[in-house]
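Have a look at the structure below before the remarks.
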Amino acid sequence: MGQWPGHNGPRTLAPLLRERCDALIRGSGFGRTLVLRRAAAAVLVGLAAALALIPDRASSPDNVVVAARDLTPGTVLGASELTLRALPAQVVPDGAARTTTAVLGRTLAAPVRRGEPLTDVRLTGSELTRAVTAKPDTMSVPLRLADPGIAALLHSGAVVDVVTVGERRDEPVVLARGARVLAVLEASTRTGERDGRLVLVALDPVAAARVAAASLSQTLTVTVH
């Protein structure tokens, strides 16, 4: 029992399977089709298992710099305001900082929530200027307005004219037209500095130099478009 006629020992499973496959292949077309389908299915299952073992680059974590706490515009970033966090690569925003040294000492141009990744357009600098104006030669100029309350009416993207008093107080002088507000920073609390929030505006190079020079000795204000 357990033996085939003409054989001295028990049949093993492997030769039996080979013989059955050979019989199917030599048999009807249906048998051959069935074998081929099962073989293809086995290959596909093997490929799926292999692909499942390959790490997905899009879902692997990336280290990015995030705010360690809620931060206000005008904050000069120090080590205590920053931390690293691993985020899935597909949710990391463009322009995100990957090391704390890349943003240490930079000034925030907008409020940032705790845990929010720090990107280039959240910081004052050329990246923010280009993002707001879309002009590569535009320069940013800080303004301390004569009336601090005016700064509360401004927001990033607002268009203003920069104005100062002329030789006669009833004849104001427009220093620059069509300046784009980049950021409205919080008032400084350092001793010896004038009160009021600092307004960062974008201007072409000629107007930027004119406004910067006037701010050294003249009071400035803006009119809003």
Counting Lys and Arg as +1 and Asp and Glu as -1 over every other residue whose Cβ sits under 15 Å from the Cβ of T129, the net charge comes to +1
Env charge @ A202, Cβ radius under 11 Å, K,R +1 / D,E -1, value +1
Given unit charges at Cβ for Lys, Arg (+) and Asp, Glu (-), the dipole magnitude of the stretch 87-225 about its Cα centre in debye, nearest 20, is 280 debye
The relative contact order of the stretch 76-137, taking Cα pairs under 8 Å that sit 6 or more residues apart, comes to a percentage of 31 percent
Going fewest to most other Cβ atoms within 10 Å around each Cβ, L182, L44 line up as L44, L182
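Taking the Cα centre of the stretch 56-122 as origin, sum charge times position over the Cβ atoms of Lys and Arg (+1) and Asp and Glu (-1), and report the length of that vector in debye to the nearest 20.
Computed charge dipole of the stretch 56-122: roughly 120 debye.
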Surrounding charge for M139, neighbours by C-beta under 12 angstrom, Lys/Arg +1, Asp/Glu -1, total +2
Taking Cα pairs closer than 8 Å and at least 6 residues apart, the relative contact order of the stretch 124-225 in percent is 38 percent
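Rule-based calculations on the coordinates, nothing more; no lab input. All values derive from a computational prediction rather than experimental measurement. Cβ sites come from the backbone with ideal geometry, for glycine too, and all protein chains shown count toward neighbours.
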